[in-house]
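Scroll down for the structure; my scribbles are underneath it.
The values are calculated or read from the model by the stated rules, or taken from the named source; none is laboratory data. Remember, it's a predicted structure, so these values are computed and weren't measured experimentally. Positions of Cβ are generated from backbone atoms using ideal geometry, with glycine treated the same way; all protein chains shown enter the neighbour counts.
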Amino acid sequence: MVARFNRIAVADSHRVDSAVKQGSEKLRKRGAMSSPDQSAKVRLRIEAVIRRIPKGKVSTYGAVARAAGLPRAARQVAKILHRSYGLPWQRVLGAGGEIKLRGDSAIEQRLRLEAEGVRFRGRRVDMKQCEHNFGRGRVTKTR
């Protein structure tokens, strides 16, 4: 319900809050919104996959997402790498072995990879030699 007082509209916050809550519950039931527990589980699955990449090997954002059981979540992998600490971030690249970072971060990533023994072909990593194969097994879902 909305009441007007001298050009100021005041809404009944209880009804608005309950309508918003009902709408978000419907979205959550359809799977459009994820709960905080669910997003934490996804983050942990992606982090576990990134930690499995050994020194001297690399993988792509998309391959990490697929290995975590989340095809089409390459952007989410990038977001998690950006926000997390202690992960071997330098071992995750763009499609085709391209370093997607820019500026000093790109230089640092290349230097770190070269120090681990990763070979480059021009500006890209030699993916035939250095790509990590996760195999068919996926990280199991935690419940």
Under 21 Å from residue 43 (Cβ atoms) and of a type in the set (Gly, Ala, Ser): is that true of residue 78 in this structure?
yes
Hey, can you tell me all the residues within segment 38-57 that are under 12 Å from residue 134 (Cβ atoms) and either among the polar types (S, T, N, Q) or in contact with a strand residue (DSSP E or B) (Cβ under 6 Å, 6 or more places away or on another chain) (or both)?
53
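For segment 118-137, how many residues meet the condition of being surrounded by 10 or more Cβ atoms within 10 Å (Cβ to Cβ) and either of a type outside the set (Val, Ile, Thr) or at positive phi (or both)?
Filtering segment 118-137 for residues surrounded by 10 or more Cβ atoms within 10 Å (Cβ to Cβ) gives 118-121, 123-127, 129-132, 134.
If we keep only those that are either of a type outside the set (Val, Ile, Thr) or at positive phi (or both) too, we end up with 119-121, 123-124, 126-127, 129-132, 134.
Final tally of qualifying residues: 12.
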Report yes if some residue within segment 82-90 is modelled with pLDDT of 95 or more, closer than 30 Å to residue 38 by Cβ and in a helix (DSSP H, G or I); otherwise report no.
yes
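For segment 102-112, what are the residues that are buried (at least 17 other Cβ atoms within 10 Å of the Cβ) and under 16 Å from residue 61 (Cα atoms)?
Within segment 102-112, the subset buried (at least 17 other Cβ atoms within 10 Å of the Cβ) is 109-110.
Matches in segment 102-112: 109 only.
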If I go through segment 40-67 residue by residue, how many of them are within 8 Å of the chain's Cα centre (by Cα) and surrounded by fewer than 15 Cβ atoms within 10 Å (Cβ to Cβ)?
0
Look through 93, 81, 70, 87 and report the one residue that is within 13 Å of the chain's Cα centre (by Cα) and under 15 Å from residue 125 (Cβ atoms).
93
Mind listing whichever residues of segment 31-72 are without any contact (Cβ under 8 Å) to a residue 24 or more places away in the chain, within 20 Å of residue 94 (Cα to Cα) and among the small types (Gly, Ala, Ser)?
65
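Here are some residues: 115, 95. Which one is in contact with a Ser or Thr (Cβ under 6 Å, 6 or more places away or on another chain) and either aromatic (Phe, Trp, Tyr) or surrounded by fewer than 17 Cβ atoms within 10 Å (Cβ to Cβ) (or both)? Break it down stepwise before answering.
On the way: 115 fails: in contact with a Ser or Thr (Cβ under 6 Å, 6 or more places away or on another chain).
Within the list 115, 95, the selection yields 95.
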